Amino acid sequence: MSQNGRMEPEIPGEIGTGTASTHASDGAPQVNEQPLSFPIWQVADYAYDSAEHYADVINERRDGQIYGRYGGPTVERLASVLAALEGAEAGWVFSSGMGAIHAVLMAVAGHGDRIVSARTLYGGTYGLFTEGCERVGIEVTFADCTEAEKVAASIEGSKAVFVETIANPTFEIADIEGVGHAARDAGVPLIVDNTVATPALFRPIDQRATLVVHSTSKYVGGHHDLMGGVVLGPADLIDATRHLAVRYGTTASAFESWLALRGVATLALRMSKHSENAMMVAELLESSEEVRRVIYPGLPTHPQHDRALKLLSGFGGMIAADFGSQAKAWRFMDSCRIARVGSSFGGVRTELTHPATTSHRQFSQQDRDAAGITDGLVRVSVGIEDAIDLTRDFEAALEKLAEDGS
Ligand code: PLP
């Protein structure tokens, strides 16, 4: 070991420059001080003392690092940080939210099984639960999860129930407590996608959920620059999802895990500003004659406003506004200058999406109607810009709509 803690290669005799340079960055520095940011452990493979040593590690007879697809210190740190924030026993992180949802689905169900899913959910998840599940022989029953009585009858005999806390894109709030009870009575795990709420506003495991998933590409990361997902829950089920991540090659990368860790540091602060700005935008949109309906958990007109008051410690940054037609919705979106037409949500900048033609295009017309994803619906992910600038931007776009007429 050298002075800086670097392992010296134990190679006998003289070595050439080629060999010396190839081995120059072996090992890692060890410092006595506690780093105030977690380092990126950008390492894919490792060297072992002996053949037996590596065989013992990969066969789990001895603790140790294996290979990048099996994780690494930065990846494992993100998993344990998110598990702690959600009050879960364990967690595993994935290269995307869809990677996480796919793994959790495969961990609980297989060919010939059936699961129950909320009827309103992200279009990519809907695609996995329709076309994706059909390919592998898993049946999915879609149900209204805002009232536990409406799902209870479908739960018996299923392998899992899947809901989004605040459902994308109509932001209805699932009856997590009631559905959780029904699922427990039937001995079925409740899986909650908590992407829109985040643990800063709500912790599903405290309300009887078994497993929690997130797209960390959204609020956890929060800066429009990373892709990631996580599954959190009991250690045995997390072991099963980790095993699938290794098998399918969907474990998160060290760099994106590091970005997500950095995002976590400001999550609570950002959620509070997102919620404050969103309340203001929701009230502004609701007061306009150009908008037919505004759906935001903080508004008394939201169908589950009382539940939101009871369950959430903030109303979040997501709003749905119905302009009555696709043409009017698109005109509004194209008129905004600070808010931009965007592909995602949950970042620091305000983004506008037209779910019917983009994020939820996978829905059949019948399922879209049942979920209330109308042609005039615009999804607003309210960012953390100055409130006054967002107000001016939305007011100008609404005025333009009024001038153009419908
Ligand atoms: N869950 C929700 C609620 C989402 O909105 C999304 C994506 O928009 C996902 C999961 C999938 O996440 P990712 O895009 O990271 O795969």
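Observations, loosely collected:
- The residue that is surrounded by the fewest Cβ atoms within 10 Å (Cβ to Cβ), among those in segment 291-307 that are touching a residue at least 60 places away in the same chain (Cβ under 8 Å) and closer than 17 Å to N277 by Cα, is I295.
- Test: G324 is touching a residue at least 60 places away in the same chain (Cβ under 8 Å), surrounded by 21 or more Cβ atoms within 10 Å (Cβ to Cβ) and either assigned to a loop (DSSP other than H, G, I, E, B) or within 16 Å of the ligand (Cβ to nearest atom) (or both): no
- Residue count for segment 114-138 satisfying the condition of being over 22 Å from V93 (Cα atoms) and either surrounded by fewer than 18 Cβ atoms within 10 Å (Cβ to Cβ) or modelled with pLDDT under 95 (or both): 7.
- Beta carbons closer than 6 Å, at least 6 apart along the sequence or on distinct chains, never pair a first residue in segment 176-198 that is on the phi < 0 side of the Ramachandran plot and not assigned by TED's automatic domain parsing to the domain that holds T241 with a second that is away from the ligand (no atom under 15 Å from the Cβ) and basic (K, R).
- Total residues in segment 284-319, condition assigned to a strand (DSSP E or B) and over 20 Å from P204 (Cα atoms): 4
- Condition met for G263 (touching a residue at least 24 places away in the same chain (Cβ under 8 Å), within 16 Å of the ligand (Cβ to nearest atom) and surrounded by fewer than 21 Cβ atoms within 10 Å (Cβ to Cβ)): no
- Selected residue (only one of D322, D404 is out of contact with any strand residue (DSSP E or B) (no Cβ under 8 Å at 6 or more places or on another chain) and either closer than 28 Å to H214 by Cβ or modelled with pLDDT under 95 (or both)): D404
- Within segment 327-353, being within 14 Å of the ligand (Cβ to nearest atom) and either crowded, with 17+ Cβ neighbours inside 10 Å or outside the structural domain of L285 (by TED's automatic domain parsing) (or both) holds for G342, F345, G346, G347, E351, T353.
- If only residues of segment 70-88 that are within 16 Å of A265 (Cβ to Cβ) and of a type in the set (V, I, T) are counted, the one that is surrounded by the fewest Cβ atoms within 10 Å (Cβ to Cβ) is V81.
- Extreme residue, farthest from S37 (Cα to Cα), among residues of segment 67-98 that are assigned to a helix (DSSP H, G or I), within 16 Å of the ligand (Cβ to nearest atom) and out of contact with any helix residue (DSSP H, G or I) (no Cβ under 7 Å at 6 or more places or on another chain): G97
- Meets criteria (of a type outside the set (S, T, N, Q), in contact (Cβ under 8 Å) with a residue 12 or more places away in the chain and surrounded by fewer than 17 Cβ atoms within 10 Å (Cβ to Cβ)) for E385: yes
- Candidate set from segment 177-221 (those that are more than 30 Å from R349 (Cα to Cα), among the small types (G, A, S) and buried (at least 22 other Cβ atoms within 10 Å of the Cβ)); member that is farthest from the ligand (Cβ to nearest atom): A182
- In segment 145-155, the condition of being in contact (Cβ under 8 Å) with a residue 24 or more places away in the chain and part of a strand (DSSP E or B) is met by no residue.
- Extreme residue, farthest from the chain's Cα centre (by Cα), among residues of segment 347-383 that are polar (S, T, N, Q) and in a strand (DSSP E or B): T353
- From T250, T216, residue being among the hydroxyl-bearing types (S, T, Y) and over 20 Å from H274 (Cβ atoms): T250
- In segment 99-142, of all residues being part of a strand (DSSP E or B) and closer than 24 Å to T170 by Cβ, the one that is farthest from the ligand (Cβ to nearest atom) corresponds to T141.
- G64 being modelled with pLDDT of 95 or more, in a loop (DSSP other than H, G, I, E, B), away from the ligand (no atom under 16 Å from the Cβ) and on the phi < 0 side of the Ramachandran plot: no
- For segment 186-197, a residue qualifies if it is in contact with a helix residue (DSSP H, G or I) (Cβ under 6 Å, 6 or more places away or on another chain) and farther than 19 Å from A109 by Cα, and exactly one does: N194.
- Selection count, segment 148-176, where residues are within 16 Å of the ligand (Cβ to nearest atom) and out of contact with any helix residue (DSSP H, G or I) (no Cβ under 7 Å at 6 or more places or on another chain): 8
The values are calculated or read from the model by the stated rules, or taken from the named source; none is laboratory data. No experiment lies behind these values; they were computed from the predicted model shown. Cβ atoms come from the backbone with ideal geometry, glycine included; neighbour counts cover every protein chain shown.
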